[in-house]
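Below is one structure, written out as structure tokens, with a few remarks after it.
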């Protein structure tokens, strides 16, 4: 084995593993869930569970390159009702045991942010090179911002992420990847001397997301929103919508307005969502849509909104751009190619700014099509094949040569 990719989540893990494989290396993706064993059985179930299980698969990876034993998958189910850290700690310790016992002796191990500290420690003891894949900005400043927003809606929450663990990982990593400048800039000063930080943006599923003219025949204005939690700016969106809904209805000139929120609102937002009291003709629905259904929602939509407080590189925003949608976003979404006033509107993380932004975009409804075209042009040549090519070039140099 040349490269071990130890990834507790799906996220972009399969594309990451294929990119490593395309370097010519012998790879192994150690993952908590895959469409074999219990995962295969679950993929046959009807409904959302079956649809999600089907997606834990990649045709470019052979079965021998996947390590996802029955016990891991079983524990993934067992721990699903417990705090997320319980399974993460279990997964980390299981991978670390393989490294400590020398059953796995790769030249390079690719780990996820600070999710695998025990594995990183064991690998470093044995002289294995470390690539830390930094998928999200969870710096102290970002976490402080999120905590302050929870407090603003009366939810008393402490700084719920300790970045010191990630700092420990960064202190020993040989190479670090970041998907956006927003992530990369907060890593400066925390890397060991000589550690390379490569900017490698994620890709978009160009086969699923593409421009469609379905929205042109809609009798209502459909806006897709990714804001079902405080971190994703759900409170900002809801309070701004409550404040501006009457004005939006007037500007819409008789057309119905439907906001479709991807994902059900987290508990801290339910009370706000239940007290919207929107005027007739303005609707807001939230649902846990299976990922396979999102492309169709994007095709029918006219606009996309995500007032997030901190991302790494929002795949939802990239997918919306690939579908030719204009955006309303904050500076914290990690989309380096987005241009304010050209592809949509950038807002601050305040209710007033988001409310003003909603009114502003509705006043400029005539330029939505132009904004959407610019979004699509900006995201061109950003498929997962480009991401995999960039990963391949990076790991080939790291795994087989001195850094």
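The values are calculated or read from the model by the stated rules, or taken from the named source; none is laboratory data. Computed from a predicted structure; not experimentally measured. Note that we place each Cβ from the backbone using ideal geometry, even for glycine, and neighbour counts take in every protein chain shown.
Annotations for the structure displayed:
- Test for residue 86: is it farther than 30 Å from residue 172 by Cα, free of Cβ contacts under 8 Å to residues at least 12 places away in the same chain and surrounded by fewer than 18 Cβ atoms within 10 Å (Cβ to Cβ): no
Okay, residues lined up against (1) under 24 Å from residue 214 (Cα atoms); (2) in the same structural domain as residue 135 (by TED's automatic domain parsing); (3) modelled with pLDDT under 95; (4) surrounded by fewer than 16 Cβ atoms within 10 Å (Cβ to Cβ):
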residue: 348; (1), (2), (3), (4): no, no, no, yes
residue: 353; (1), (2), (3), (4): no, no, no, no
residue: 357; (1), (2), (3), (4): no, no, no, no
residue: 362; (1), (2), (3), (4): yes, no, no, no
residue: 370; (1), (2), (3), (4): yes, no, no, yes
residue: 374; (1), (2), (3), (4): yes, no, no, no
residue: 395; (1), (2), (3), (4): no, yes, yes, no
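- Across region 196-206, the qualifying residues are those that are at pLDDT 90 or above and farther than 14 Å from residue 315 by Cα, and the one among them that is nearest to the chain's Cα centre (by Cα) is 199.
- Residue that is farthest from the chain's Cα centre (by Cα) [pool: residues in region 207-224 that are part of a loop (DSSP other than H, G, I, E, B) and surrounded by 13 or more Cβ atoms within 10 Å (Cβ to Cβ)]: 218
- Among the residues of region 46-66, those that are farther than 20 Å from residue 205 by Cβ and at pLDDT 70 or above comprise 46, 47, 62, 63, 64, 65, 66.
- Consider region 255-273 and keep the residues that are closer than 13 Å to residue 241 by Cβ and in a helix (DSSP H, G or I). The one that is nearest to the chain's Cα centre (by Cα) is 269.
- Scanning region 123-139 for residues that are part of a helix (DSSP H, G or I) and either in contact with a strand residue (DSSP E or B) (Cβ under 8 Å, 6 or more places away or on another chain) or surrounded by 14 or more Cβ atoms within 10 Å (Cβ to Cβ) (or both) gives 123, 124.
- Residues that are surrounded by fewer than 19 Cβ atoms within 10 Å (Cβ to Cβ) number at least 1 in the following helices (runs of 4 or more DSSP H) confined to region 1-74: 38-43, 47-54.
- Test: residue in region 239-248 that is more than 20 Å from residue 329 (Cβ to Cβ), touching a strand residue (DSSP E or B) at 6+ places or on another chain (Cβ under 7 Å) and modelled with pLDDT of 95 or more: yes
- Candidates in region 142-185 are the residues that are under 25 Å from residue 397 (Cβ atoms) and in a loop (DSSP other than H, G, I, E, B); of these, the one that is nearest to the chain's Cα centre (by Cα) is 179.
- Residue match in region 225-243 (condition: surrounded by fewer than 23 Cβ atoms within 10 Å (Cβ to Cβ), assigned by TED's automatic domain parsing to the domain that holds residue 355, more than 25 Å from the chain's Cα centre (by Cα) and under 27 Å from residue 150 (Cβ atoms)): yes
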